[in-house]
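Written out below as structure tokens is the structure these notes cover.
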Amino acid sequence: MSNTVYNFDPDIFSIKVKKPKRITRAQILKAIRCKHLSLEKVLTNVGNYFLFTYDTHPHLDGEDRPEGADWAQHIVNVHQLNHMSLHNWISEGLDMVKAMEGETYGLDDPERFAKDEDGNTIVVARAGEPKQ
């Protein structure tokens, strides 16, 4: 007996899988539109991750940097860019930019805290909340 199938329509058995669109660092940074922000992939022996760097003077080091120069980094623990949606990448980057530019409260922002009448420290805003 033969294993040949006659009168066979291959379209019935074909599955069309939509490939996710490729995400690039340039797309992410262009959407965020902050000249002080960069995004790089860090390769390690135990796994890769991505690093947002906010730097107001990226070409100056050590004593050449002005006193008011801002610099911070934020790690995103994903192996490849397409493991997160473009929307999520933009959100991660914008959150960092807003925190660095003073539009939201940072973790150690002194404006987040106040004293009550007994002298106790109270939290008046959460980290990441927009400033009024």
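The values are calculated or read from the model by the stated rules, or taken from the named source; none is laboratory data. Remember, it's a predicted structure, so these values are computed and weren't measured experimentally. Glycine gets a Cβ as well: all are built from the backbone with ideal geometry, and neighbour counts include every protein chain shown.
Which one of these is surrounded by 11 or more Cβ atoms within 10 Å (Cβ to Cβ) and under 24 Å from Arg22 (Cβ atoms): His87, His79? Working first, answer last.
Working: His87 fails: surrounded by 11 or more Cβ atoms within 10 Å (Cβ to Cβ).
That would be His79, the only listed residue that is surrounded by 11 or more Cβ atoms within 10 Å (Cβ to Cβ) and under 24 Å from Arg22 (Cβ atoms).
Take the residues in the range 90-132 that are basic (Lys, Arg) and outside any helix (DSSP H, G or I), then tell me which one is farthest from Lys21 (Cα to Cα). Break it down stepwise before answering.
Our first condition is that a residue be basic (Lys, Arg); within the range 90-132, this holds for 98, 112, 115, 126, 131.
Checking the rest, the ones that are also outside any helix (DSSP H, G or I) come to 115, 126, 131.
Values: Lys115: 50, Arg126: 35, Lys131: 35 Å.
This residue is Lys115.
Give the number of residues within the range 80-132 that are aliphatic (A, V, I, L, M) and more than 27 Å from Lys30 (Cβ to Cβ).
Adding up the residues that qualify gives 7.
Restricting attention to the range 1-28, and to residues there that are part of a loop (DSSP other than H, G, I, E, B) and β-branched (Val, Ile, Thr), which single residue is modelled with the highest pLDDT? Can you show your working first?
We begin by selecting, within the range 1-28, every residue part of a loop (DSSP other than H, G, I, E, B); these are 1-9, 14-24.
Now narrow it down to the ones that are β-branched (Val, Ile, Thr): 4-5, 15, 17, 23-24.
Details: Thr4: 61, Val5: 59, Ile15: 71, Val17: 72, Ile23: 91, Thr24: 94.
The extreme case among them is Thr24.
On the given criteria, is Ala31 modelled with pLDDT of 80 or more and not in a helix (DSSP H, G or I)?
Numbers: modelled with pLDDT of 80 or more: yes; not in a helix (DSSP H, G or I): no.
Here the answer is no, as Ala31 does not meet what is asked.
Select from the range 48-74 the residues that are exposed (fewer than 10 other Cβ atoms within 10 Å of the Cβ) and either in contact with a strand residue (DSSP E or B) (Cβ under 7 Å, 6 or more places away or on another chain) or among the hydrophobic types (A, V, I, L, M, F, W, C) (or both) and list them in ascending order. Don't jump to the end; show me each part of the working.
Going through the range 48-74, the residues exposed (fewer than 10 other Cβ atoms within 10 Å of the Cβ) turn out to be 59, 61-64, 66-68.
Of everything in the range 48-74, nothing turns out to be exposed (fewer than 10 other Cβ atoms within 10 Å of the Cβ) and either in contact with a strand residue (DSSP E or B) (Cβ under 7 Å, 6 or more places away or on another chain) or among the hydrophobic types (A, V, I, L, M, F, W, C) (or both).
Which of the residues that make up the range 34-47 are surrounded by 13 or more Cβ atoms within 10 Å (Cβ to Cβ) and part of a loop (DSSP other than H, G, I, E, B)? I'd like the intermediate steps shown before the answer.
Just the residues of the range 34-47 that are surrounded by 13 or more Cβ atoms within 10 Å (Cβ to Cβ), to begin with: 34, 36-39, 41.
Scanning the range 34-47 gives Cys34, His36.
Just wondering, is there one or more residues in the range 55-72 that are closer than 29 Å to Gln27 by Cβ and touching a Pro at 6+ places or on another chain (Cβ under 6 Å)?
For the range 55-72, residues closer than 29 Å to Gln27 by Cβ and touching a Pro at 6+ places or on another chain (Cβ under 6 Å): absent.
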